[in-house]
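The values are calculated or read from the model by the stated rules, or taken from the named source; none is laboratory data. Bear in mind that the values here come from a model prediction, so they are computed numbers and not experimental data. Don't worry about glycine lacking a Cβ; one is built from the backbone with ideal geometry, like all the others, and counts go over all protein chains shown.
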Amino acid sequence: MNVNDSEKMAGLLESRGWTQVYAERSASLFIVNTCAVREKAQEKLFSYLGRLKRYKELDPACTIVVAGCVSQLLKEEIRRRAPFVDLLLGTNAYPRLLEYLDQREESDFRLSRHWNEVTSLHRRSSFSAFLSIMEGCDNFCSYCVVPFTRGREKSRPLSLILRELDELSAQGYKEVVLLGQNVDAYLDPEKGGGFADLLEVVAQRSGASWIRFLTSHPSKFSLRIAEVMARNDKICRALHLPFQAGSDRILSLMNRGYSKAEYLSLVKAIKERVPDIAMAADIIVGFPTEREEDFLETMEIVEEVRFENIFSFLYSPRPGTKSSKMEDDVPPSVKGERLIRLQERQKEIQLEENLKRIGSVQRVLLEERNRKDPSQTVGRTAGGRVVNILGPCETGQFADILIDGAGPHNLKGRIPL
């Protein structure tokens, strides 16, 4: 979401004549777009602001703006710790960015229940595009600040989504990623269609070869979505379905709205409809009162599902959430040891699954030159697997790649002779 928000702000600024620069010393305006999901990202903000303070001292006329979720959540702390910041913008402020800059006036931090449309975007990629369909969250998981920083769920009208989709098709985009905190909660405010309806229309109408979507919530995922995926070749067989914890006790404390058995039953039903689907998940380790037996239930889900990838983190208490008031009796050393065990086992699973693909030919979207080894090109399969390809290739194109090597985090391949 933050990348897409940054593209919107950059597009608005370019419409006014601003030019994006990539050297800090050349900038007269700094906009720091922030994430508040974990404490580590929050502290990175204050570290970076300390660096920007030097530019402010050298050029008092330069403007420093903090936008996004940390600004929404911790505006008073930012004012206290970084008084040199010129402007704070909340998460609903992007459409009026230019107005706030002109007036040097802080945004209204009230969270709207209505969709705010921004039509000017500076897209980072010329072949893969984010397409926002909804924003916000009504789930109120006990550890999560998203409902407090992004507000309640608000869906973008289908007519506006299709207008942008048509523009992307005309511009030749190869991949479109439908974006929202909980895309499966989408509900067209004009005609009432749900996410499965939207996905079907997008797959039929888009000129892109690949359609993806991020992110889904297990309690709202309809099997109709899996059925739409199964009958539309344009929709990538990839699903990010966070489960966060394997223990019913911890899931209840998290207010996730499902049990371990319900999650595994859902995954089974999805795989029956889309047998070749690549699954990914988010996992929190060390939630307050997590016992060893609770953690082992998380490991059981990892073993059974065999995810293509996981995003795993130590629990991070966030201001204003219910879990931040819970007694956290899990020692940091225990949390760290559990996270290592989880990540090491997932690494083994990824290697085992990747080795099975040696000798296969995979359709790959070529994305960029390998930054560590310019003699290689980096791409991704429809399932999201990273592929390092020997030799320079034209990026932004698809290629059939013969897989001749594998590691835990990527495949290796070449264009067949």
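Please state which one of Ser142, Ser132, Ser126 is in contact (Cβ under 8 Å) with a residue 40 or more places away in the chain and more than 22 Å from Lys220 (Cα to Cα). Steps first, please.
On the way: Ser142 fails: more than 22 Å from Lys220 (Cα to Cα); Ser132 fails: more than 22 Å from Lys220 (Cα to Cα).
That would be Ser126, the only listed residue that is in contact (Cβ under 8 Å) with a residue 40 or more places away in the chain and more than 22 Å from Lys220 (Cα to Cα).
Which of the residues belonging to the stretch 285-302 are among the charged types (D, E, K, R) and closer than 13 Å to Arg249 by Cα?
We begin by selecting, within the stretch 285-302, every residue among the charged types (D, E, K, R); these are 290-294, 297, 300.
Passing the criteria: Glu290, Arg291, Glu292, Glu293, Asp294, Glu297.
Conditions (1) of a type in the set (Gly, Ala, Ser); (2) within 21 Å of Leu266 (Cα to Cα), marked per residue:
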{"site": "Asp188", "(1), (2)": "no, no"}
{"site": "Ala196", "(1), (2)": "yes, yes"}
{"site": "Val201", "(1), (2)": "no, no"}
{"site": "Gln204", "(1), (2)": "no, no"}
{"site": "Ser216", "(1), (2)": "yes, yes"}
{"site": "Phe221", "(1), (2)": "no, yes"}
{"site": "Ala226", "(1), (2)": "yes, yes"}
{"site": "Ala230", "(1), (2)": "yes, yes"}
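Using the structure shown, decide if Ser47 is within 20 Å of the chain's Cα centre (by Cα), at pLDDT 90 or above and among the hydroxyl-bearing types (Ser, Thr, Tyr). Walk me through it before giving the result.
Numbers: within 20 Å of the chain's Cα centre (by Cα): no; at pLDDT 90 or above: yes; among the hydroxyl-bearing types (Ser, Thr, Tyr): yes.
No; evaluated as a whole, the condition is false for this residue.
Being among the charged types (D, E, K, R) and in contact with a strand residue (DSSP E or B) (Cβ under 8 Å, 6 or more places away or on another chain) is true for just one of Lys174, Lys191. Which residue is that?
Working: Lys191 fails: in contact with a strand residue (DSSP E or B) (Cβ under 8 Å, 6 or more places away or on another chain).
Going through Lys174, Lys191 in turn, the sole match is Lys174.
I want to confirm something. Restricting to the stretch 212-229 and keeping residues that are crowded, with 17+ Cβ neighbours inside 10 Å and among the polar types (S, T, N, Q), which single residue is modelled with the highest pLDDT?
Filtering the stretch 212-229 for residues that are crowded, with 17+ Cβ neighbours inside 10 Å and among the polar types (S, T, N, Q), the one modelled with the highest pLDDT comes out as Ser216.
Take Phe130 and decide whether it is surrounded by fewer than 17 Cβ atoms within 10 Å (Cβ to Cβ) and either touching a His at 6+ places or on another chain (Cβ under 8 Å) or not in a helix (DSSP H, G or I) (or both). So that I can check it myself, show each step before the final result.
Working: surrounded by fewer than 17 Cβ atoms within 10 Å (Cβ to Cβ): no; either touching a His at 6+ places or on another chain (Cβ under 8 Å) or not in a helix (DSSP H, G or I) (or both): yes.
So Phe130 fails the test.
Looking only at residues that are touching a residue at least 60 places away in the same chain (Cβ under 8 Å) and outside any helix (DSSP H, G or I) in the stretch 216-241, which one is nearest to Val305 (Cα to Cα)? If you could, list the steps in order and put the result at the bottom.
Of the residues in the stretch 216-241, the ones touching a residue at least 60 places away in the same chain (Cβ under 8 Å) are 217, 219, 236-238.
Subset that is outside any helix (DSSP H, G or I): 217, 236-238.
Details: His217: 16, Cys236: 19, Arg237: 15, Ala238: 14 Å.
Looking at the filtered set, the residue picked out is Ala238.
Lys372 fails exactly one of the following numbered conditions: (1) loosely packed, with under 14 Cβ neighbours inside 10 Å; (2) at pLDDT 95 or above. What is the number of that condition?
(2)
Considering only the stretch 102-112, I want to know if a residue exists there that is assigned to a loop (DSSP other than H, G, I, E, B) and closer than 23 Å to Leu214 by Cβ.
Going through the stretch 102-112, the residues assigned to a loop (DSSP other than H, G, I, E, B) turn out to be 104-112.
From what's left, closer than 23 Å to Leu214 by Cβ: 111-112.
Checked the stretch 102-112: at least one residue is assigned to a loop (DSSP other than H, G, I, E, B) and closer than 23 Å to Leu214 by Cβ.
If you go through the stretch 145-182, how many residues are without any contact (Cβ under 8 Å) to a residue 60 or more places away in the chain and part of a helix (DSSP H, G or I)?
Total satisfying the criteria: 14.
Can you find, within the stretch 252-287, the residue that is farthest from Arg318 (Cα to Cα) among those that are in contact with a Ser or Thr (Cβ under 6 Å, 6 or more places away or on another chain) and in a loop (DSSP other than H, G, I, E, B)?
Only one residue fits best here, namely Tyr258.
Given the options Glu303, Glu292, Glu344, Glu327, name the one that is surrounded by fewer than 16 Cβ atoms within 10 Å (Cβ to Cβ), farther than 17 Å from Arg256 by Cα and at pLDDT below 95. Steps first, answer last, please.
On the way: Glu303 fails: at pLDDT below 95; Glu292 fails: at pLDDT below 95; Glu344 fails: at pLDDT below 95.
Among Glu303, Glu292, Glu344, Glu327, only Glu327 is surrounded by fewer than 16 Cβ atoms within 10 Å (Cβ to Cβ), farther than 17 Å from Arg256 by Cα and at pLDDT below 95.
What's the number of the condition Ser142 fails, among (1) polar (S, T, N, Q); (2) over 24 Å from Ile31 (Cβ atoms); (3) out of contact with any helix residue (DSSP H, G or I) (no Cβ under 6 Å at 6 or more places or on another chain); (4) outside any helix (DSSP H, G or I)?
Checking Ser142 against (1) polar (S, T, N, Q); (2) over 24 Å from Ile31 (Cβ atoms); (3) out of contact with any helix residue (DSSP H, G or I) (no Cβ under 6 Å at 6 or more places or on another chain); (4) outside any helix (DSSP H, G or I), the one that fails is (3).
List the number of the failed condition for Met254; all other conditions in (1) touching a strand residue (DSSP E or B) at 6+ places or on another chain (Cβ under 9 Å); (2) under 17 Å from Ile270 (Cα atoms); (3) buried (at least 19 other Cβ atoms within 10 Å of the Cβ) hold.
Unmet for Met254, out of (1) touching a strand residue (DSSP E or B) at 6+ places or on another chain (Cβ under 9 Å); (2) under 17 Å from Ile270 (Cα atoms); (3) buried (at least 19 other Cβ atoms within 10 Å of the Cβ): (2).
Among the numbered criteria (1) aliphatic (A, V, I, L, M); (2) buried (at least 18 other Cβ atoms within 10 Å of the Cβ); (3) assigned to a loop (DSSP other than H, G, I, E, B), which single criterion is violated by Ile31?
Here Ile31 clears every test but (3).
Looking at the structure I just gave you, is Gly257 at positive phi, touching a helix residue (DSSP H, G or I) at 6+ places or on another chain (Cβ under 7 Å), among the small types (Gly, Ala, Ser) and touching a residue at least 24 places away in the same chain (Cβ under 8 Å)? Show your work before the answer.
Details: at positive phi: yes; touching a helix residue (DSSP H, G or I) at 6+ places or on another chain (Cβ under 7 Å): yes; among the small types (Gly, Ala, Ser): yes; touching a residue at least 24 places away in the same chain (Cβ under 8 Å): yes.
Considered against the rule, which asks whether it is at positive phi, touching a helix residue (DSSP H, G or I) at 6+ places or on another chain (Cβ under 7 Å), among the small types (Gly, Ala, Ser) and touching a residue at least 24 places away in the same chain (Cβ under 8 Å), Gly257 comes out as yes.
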